[in-house]
1. Within segment 222-251, which residues are within 18 Å of residue 294 (Cα to Cα) and over 22 Å from the mean Cα position of the chain (by Cα)?
2. For segment 36-110, list the helices (runs of 4 or more DSSP H) that sit wholly inside it and hold at least 1 residues that are farther than 18 Å from residue 149 by Cα, without any contact (Cβ under 8 Å) to a residue 60 or more places away in the chain and over 21 Å from the mean Cα position of the chain (by Cα); which are they?
3. Being within 25 Å of residue 171 (Cα to Cα) and either surrounded by fewer than 21 Cβ atoms within 10 Å (Cβ to Cβ) or in contact with a helix residue (DSSP H, G or I) (Cβ under 7 Å, 6 or more places away or on another chain) (or both): is that true of residue 222 here?
4. For segment 362-369, indicate whether the set of residues that are more than 24 Å from residue 90 (Cα to Cα), out of contact with any strand residue (DSSP E or B) (no Cβ under 9 Å at 6 or more places or on another chain) and without any contact (Cβ under 8 Å) to a residue 24 or more places away in the chain is non-empty.
5. Take residue 9 and tell me if it is touching a strand residue (DSSP E or B) at 6+ places or on another chain (Cβ under 8 Å), closer than 30 Å to residue 152 by Cβ and assigned to a helix (DSSP H, G or I).
6. From (1) over 14 Å from residue 260 (Cβ atoms); (2) surrounded by fewer than 21 Cβ atoms within 10 Å (Cβ to Cβ), pick out the condition that doesn't hold for residue 350.
7. Output the residues belonging to segment 64-73 that are touching a strand residue (DSSP E or B) at 6+ places or on another chain (Cβ under 9 Å) and buried (at least 22 other Cβ atoms within 10 Å of the Cβ).
8. Take the conditions out of contact with any strand residue (DSSP E or B) (no Cβ under 6 Å at 6 or more places or on another chain) and crowded, with 22+ Cβ neighbours inside 10 Å and apply them to residue 345. Does it pass?
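The values are calculated or read from the model by the stated rules, or taken from the named source; none is laboratory data. Small disclaimer: the values here were computed from a predicted structure and weren't measured. Cβ coordinates were reconstructed from backbone atoms using ideal geometry, including for glycine residues, and neighbour counts include every protein chain displayed.
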């Protein structure tokens with residue numbers, strides 16, 4: 001079933017209404033350690049277990065575990081980006097007002113007092129990864145910081161408040177001064193400042209996307225020169241089938257996770273390409289083309305549903321759906337068929353994963369659906385996805 005443009009807009013407006021009613025607060029798949037019952041847990045394995053139980057349970061255990069809803073910084077940054085796009089499309093002043101309401105999070109959550117530059121943690125809760133890596137609310141990570149930079153630049157472009165520009169530039173300087181690892185084996189951006197013996201490839205791709213945004217308002221040749229070296233690293237790390245591994249370790253181990261992170265890789269390279277002196281480099285163009293081919297043919301079915309982690313199909317995850325919409329919408333400027341595929345992914349997602357109240361479900365399994373309405377993972381990413389589709393569609397109409 002094909003949903004008309006007006007139907008997609010209705011879907012977006014219903015989602016925004018639901019998010020606004022919740023005052024942007026919600027649970028997160030990874031908020032298990034935010035329980036008031038387990039604040040003093042020290043064992044990393046028990047901490048990981050608690051997170052995973054909460055993440056995979058189809059019953060929302062959070063009320064029983066005294067885990068409260070909250071505003072996730074990265075989720076807010078994504079929603080601000082969506083509002084900026086919606087203003088560009090509609091010129092409705094309401095979206096500027098919504099952005100202004102959310103702007104205080106940039107300063108209230110900035111860790112500038114500790115790190116001398118503006119930077120942010122992605123989340124309001126502690127997290128322990130499967131490799132025992134940790135994220136803390138008082139430690140910046142590159143993903144949250146990059147999404148903040150993108151949101152700041154978009155907000156500045158609308159509101160022309162110089163403070164927003166200054167904060168974005170400050171954060172970008174931290175990327176190059178502290179997150180960038182200038183290794184002899186290649187330049188890459190670290191996921192966290194304390195990270196050692198590990199390279200998360202999509203961290204570099206997301207940094208490149210943020211840098212591409214800052215370069216629209218602030219010229220810095222050193223940023224471009226270093227970014228080109230990061231691009232070269234990502235080209236070299238691409239596998240022959242067009243995919244990228246998730247991470248690699250100094251002991252030779254690799255983590256292979258073929259999901260929405262492939263979309264991040266494409267988005268980052270595509271965004272930074274116009275600013276590169278090597279933008280017409282055949283290796284870069286081929287790298288992007290191979291990445292697109294793998295992403296389209298291996299991670300999605302023709303009906304618009306996505307693989308969870310290729311080659312595993314189920315569960316169909318809303319984050320994979322959202323990223324597909326974002327990436328293929330952006331690729332529409334290269335070939336209209338990609339925008340058409342973004343439309344197909346959108347249709348499938350609305351028909352199969354949106355609740356009548358407006359929010360989107362977490363995961364669709366073969367025989368049941370996990371309908372927990374996580375704010376960042378589900379709603380913020382779908383806000384950004386639907387807004388990106390609308391914006392890219394409007395851009396192509398103007399050509």
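1. Of everything in segment 222-251, those that are within 18 Å of residue 294 (Cα to Cα) and over 22 Å from the mean Cα position of the chain (by Cα) turn out to be 236, 239, 240, 241.
2. Numbers: elements: 44-56, 73-90, 93-102, 104-108.
Fully inside segment 36-110 and qualifying: 44-56, 73-90, 93-102.
3. Numbers: within 25 Å of residue 171 (Cα to Cα): yes; either surrounded by fewer than 21 Cβ atoms within 10 Å (Cβ to Cβ) or in contact with a helix residue (DSSP H, G or I) (Cβ under 7 Å, 6 or more places away or on another chain) (or both): yes.
Considered against the rule, which asks whether it is within 25 Å of residue 171 (Cα to Cα) and either surrounded by fewer than 21 Cβ atoms within 10 Å (Cβ to Cβ) or in contact with a helix residue (DSSP H, G or I) (Cβ under 7 Å, 6 or more places away or on another chain) (or both), residue 222 comes out as yes.
4. Residues of segment 362-369 more than 24 Å from residue 90 (Cα to Cα): 362-369.
Those left that are additionally out of contact with any strand residue (DSSP E or B) (no Cβ under 9 Å at 6 or more places or on another chain): 366-368.
Those left that are additionally without any contact (Cβ under 8 Å) to a residue 24 or more places away in the chain: 367.
Within segment 362-369, one or more residues are more than 24 Å from residue 90 (Cα to Cα), out of contact with any strand residue (DSSP E or B) (no Cβ under 9 Å at 6 or more places or on another chain) and without any contact (Cβ under 8 Å) to a residue 24 or more places away in the chain.
5. Working: touching a strand residue (DSSP E or B) at 6+ places or on another chain (Cβ under 8 Å): no; closer than 30 Å to residue 152 by Cβ: yes; assigned to a helix (DSSP H, G or I): yes.
Here the answer is no, as residue 9 does not meet what is asked.
6. Failed condition: (2).
7. As a first pass, look at segment 64-73 and keep what is touching a strand residue (DSSP E or B) at 6+ places or on another chain (Cβ under 9 Å): 69-72.
72 - this is the single residue of segment 64-73 that is touching a strand residue (DSSP E or B) at 6+ places or on another chain (Cβ under 9 Å) and buried (at least 22 other Cβ atoms within 10 Å of the Cβ).
8. yes
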